[in-house]
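A.B. asks: Here's a structure for you.
The values are calculated or read from the model by the stated rules, or taken from the named source; none is laboratory data. What you see is a predicted model; the values in this text were computed from it and never measured. Positions of Cβ are backbone-derived with ideal geometry, glycine not excepted, and every protein chain shown enters the neighbour counts. Side chains included, ligands, DNA and RNA excluded: accessible areas come from the protein's heavy atoms. Shrake-Rupley method; radii C 1.70, N 1.55, O 1.52, S 1.80 Å.
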Amino acid sequence: MPRDLLHETAAAGRTTLVLDAGEPGAGCSSRNGGQVAYSIKPSFDSLRTKYGADRAFRICREGLDAVADLRALATQEGDCGWREDGCFFGAHTAQHFERMVREATHQPRGLEQRIGVVSRADQHREIASDFYHGGCVYHDDASVDPVQLLRALLRRARGSGASVVERCRAAAIKRVRDGFEVLTERGTVHARQVLLATNGYSGPLSAWHRRRVIPIGSYQIATERLGAEWVRSLIPRGRNIVDSRRVVVYFRPSADGERIVFGGRAALAEKNPLACVARLRQMMQRILPQLKTVKVSNAWVGWVAYTFDTLPHLGLHEGVYYCMGYCGQGVPLAPYFGKRIGQQMLGLEEGRTALDGLEFPSRPYYYGTPWFLAPSVLAYRLMDAFGF
């Protein structure tokens, strides 16, 4: 849920109510990897080919602005576990490393990030592993404590006058003469405007939106307490770690520096995170064999939402506003675009984004159950195994 929109609309004097089917933020808002990075998936070149240079530039700027916006919000609110230690992006093959170097040294003007190249000979300064073929350090990347960030956003929203009702599932949205009726298990809510912000938890409430987002599990584990010295020996600079494989992994020291928090696409639709612990341990130990005998203390899963064009989408469909499809980068994007869609609901010019008016694509025969994921992930795993 892009909760900063609650602050925007409530602070402007609108009566603002959010209905949550469970506890506030019990989904991927709190069950995520906590990593903060530039968050637009398509490259500038691919966007330029599709939309032209000007719009491509503005779309990419949204990704940079989202990180800057979250940095300012975390500084203002405090107590979000904000750490700006950067990220090491490991190259899975020598060819991947060569591509990384080309991209780092030929960034589009006006979209530059602070990127440092790390050779394989020097990568032990970043990670105590020989798994990678060098990589790049993204110095401006950061991390947050997801639960602390969620609580800060809820405090901000409630402090502005917004109301949050938990365990109140919306069953239907009906258009009426003066707005909408939202039917819930507890009764009917009358509203002038409605926003759908269900992201990876989109269900039958709106078939149109459900056909446009692909729910994918983000599975994570935390090791037992290892001690700060051991954790620092594994990741000497305390950075986030990701790599260039198609089937992604991501890990970092815990907020207290005592554990390793490790996540990845360990399954397709498994809802029980305990069922994925063995697979996640195997993925972690391939990179850090030093952790072969350590115990796992916690496991969890949150559902992210990908889109068919790998861009987030916000706008208006049949009178209902929507904001969703962050493609695994909801930590910076959800608060940022949540603010923008809130401003759009208020009719404010500053709510305009480079994504406004883009087609929100679906695919034939897709109705919310991603039947195509299994063969796609198998193909990705094979490509990773052979180093493509």
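A.B. asks: In segment 265-275, is there at least one residue being open to solvent by 20 Å² or more (accessible area, probe 1.4 Å), farther than 30 Å from Lys339 by Cα and touching a Phe, Trp or Tyr at 6+ places or on another chain (Cβ under 7 Å)? Before the answer, list the steps.
C.D. replies: Residues of segment 265-275 that are open to solvent by 20 Å² or more (accessible area, probe 1.4 Å), as a first pass: 265, 267-275.
Pick out the ones that are also farther than 30 Å from Lys339 by Cα and you get 267-275.
Filter again for touching a Phe, Trp or Tyr at 6+ places or on another chain (Cβ under 7 Å), leaving 267, 273.
Looking for residues that are open to solvent by 20 Å² or more (accessible area, probe 1.4 Å), farther than 30 Å from Lys339 by Cα and touching a Phe, Trp or Tyr at 6+ places or on another chain (Cβ under 7 Å), one finds at least one in segment 265-275, hence yes.
A.B. asks: Within the set of pairs 6+ apart or on separate chains, which have a first residue in segment 364-388 that is at positive phi, a second that is open to solvent by less than 90 Å² (accessible area, probe 1.4 Å) and of a type in the set (S, T, N, Q), and C-beta atoms under 8 Å apart?
C.D. replies: Matching pairs, first to second residue: Gly368/Ser202; Gly387/Thr93.
A.B. asks: Without any contact (Cβ under 8 Å) to a residue 24 or more places away in the chain, open to solvent by 40 Å² or more (accessible area, probe 1.4 Å) and either among the acidic types (Asp, Glu) or farther than 27 Å from Gly33 by Cα (or both): is that true of Glu185 in this structure? Full working, then the answer.
C.D. replies: Values: without any contact (Cβ under 8 Å) to a residue 24 or more places away in the chain: yes; open to solvent by 40 Å² or more (accessible area, probe 1.4 Å): yes; either among the acidic types (Asp, Glu) or farther than 27 Å from Gly33 by Cα (or both): yes.
Here the answer is yes, as Glu185 does meet what is asked.
Conditions (1) over 15 Å from the mean Cα position of the chain (by Cα); (2) within 20 Å of Cys327 (Cβ to Cβ), marked per residue:
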{"residue": "Gly27", "(1), (2)": "no, yes"}
{"residue": "Tyr51", "(1), (2)": "yes, yes"}
{"residue": "Leu64", "(1), (2)": "no, yes"}
{"residue": "Gly86", "(1), (2)": "yes, no"}
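A.B. asks: Working only within segment 97-129, note down all residues that are open to solvent by less than 90 Å² (accessible area, probe 1.4 Å) and in a helix (DSSP H, G or I). Don't jump to the end; show me each part of the working.
C.D. replies: Our first condition is that a residue be open to solvent by less than 90 Å² (accessible area, probe 1.4 Å); within segment 97-129, this holds for 97, 100-101, 104-105, 107-108, 110-111, 113, 115-119, 122-123, 126-129.
Phe97, Met100, Val101, Ala104, Thr105, Asp122, Gln123, listed by residue number.
A.B. asks: Oh, and also: For segment 329-350, what are the residues that are touching a strand residue (DSSP E or B) at 6+ places or on another chain (Cβ under 9 Å) and not polar (S, T, N, Q)?
C.D. replies: Answer for segment 329-350, where residues must be touching a strand residue (DSSP E or B) at 6+ places or on another chain (Cβ under 9 Å) and not polar (S, T, N, Q): Gly330, Val331, Pro332, Ala334, Phe337, Gly338, Arg340, Ile341, Gly342, Met345.
A.B. asks: Here is a check on your reading of the model: is Pro215 under 24 Å from Phe251 (Cβ atoms) and part of a loop (DSSP other than H, G, I, E, B)? Write out each step before concluding.
C.D. replies: Working: under 24 Å from Phe251 (Cβ atoms): yes; part of a loop (DSSP other than H, G, I, E, B): no.
Criteria not met by Pro215.
A.B. asks: Six or more apart or on different chains, Cβ atoms under 9 Å: show the pairs whose first residue is in segment 341-354 and on the phi > 0 side of the Ramachandran plot and free of Cβ contacts under 8 Å to residues at least 40 places away in the same chain and whose second is of a type in the set (A, V, I, L, M, F, W, C) and surrounded by fewer than 19 Cβ atoms within 10 Å (Cβ to Cβ).
C.D. replies: That search, which allows pairs on different chains as well, returns nothing.
A.B. asks: Just wondering, is there one or more residues in segment 77-94 that are out of contact with any Lys or Arg (no Cβ under 8 Å at 6 or more places or on another chain), crowded, with 18+ Cβ neighbours inside 10 Å and under 23 Å from Arg340 (Cβ atoms)?
C.D. replies: Within segment 77-94, one or more residues are out of contact with any Lys or Arg (no Cβ under 8 Å at 6 or more places or on another chain), crowded, with 18+ Cβ neighbours inside 10 Å and under 23 Å from Arg340 (Cβ atoms).
A.B. asks: For segment 345-388, how many residues are within 24 Å of Cys60 (Cα to Cα) and among the aliphatic types (A, V, I, L, M)?
C.D. replies: Total meeting the criteria: 5.
A.B. asks: Which residues, counting only those in segment 17-48, are open to solvent by less than 40 Å² (accessible area, probe 1.4 Å), part of a loop (DSSP other than H, G, I, E, B) and more than 13 Å from Leu154 (Cα to Cα)?
C.D. replies: Result: Gly22, Gly27, Cys28, Asn32, Gly33, Gly34, Ala37, Ser39, Ile40, Pro42.
A.B. asks: Can you pull out every residue in segment 218-233 that is surrounded by fewer than 21 Cβ atoms within 10 Å (Cβ to Cβ) and either part of a helix (DSSP H, G or I) or of a type in the set (Gly, Ala, Ser) (or both)?
C.D. replies: Listed by number, the residues that qualify are Ala222, Gly227, Ala228, Glu229, Trp230, Arg232, Ser233.
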